[in-house]
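Shown next, in structure tokens, is the structure this report addresses.
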């Protein structure tokens, strides 16, 4: 190989080795609950007392607390939303007049 190609080949092999997969970690990873043991779950049935009420900030917070959810979001008719599931989120469906028509977890 030429003098110019040698450093290039060394740099190329070093950069490719950075793409190699890491071996799996031994044992459980500490630092919090895993997917099988959520910190807090949502119970939509407990928040159904808010159905029929206007979704004010206070009522939304009442529903969130009743459900034991970490977060709550209000969903208006036709509103685009993300579809990812979050085990401790309360979804509050409202009608065009901002009246709660349904509560569900996720």
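What follows is calculated from the coordinates using simple rules that are stated; it is not laboratory data. Note that the structure is predicted; figures quoted are calculated from it, not measured. Neighbour counts are summed over all protein chains in view; Cβ atoms, including those assigned to glycine, are modelled from backbone coordinates with ideal geometry.
Numerical summary
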{"read-out": "81, 94 arranged by Cβ crowding within 10 Å, fewest neighbours leading", "value": "81, 94"}
{"read-out": "Spin-label model distance (nm) - residue 81 vs residue 46, 7 Å beyond Cα toward Cβ", "value": "2.0 nm"}
{"read-out": "Taking 89, 73 and counting other C-beta atoms within 10 Å, the order from fewest to most", "value": "73, 89"}
{"read-out": "65, 75 arranged by Cβ crowding within 10 Å, fewest neighbours leading", "value": "65, 75"}
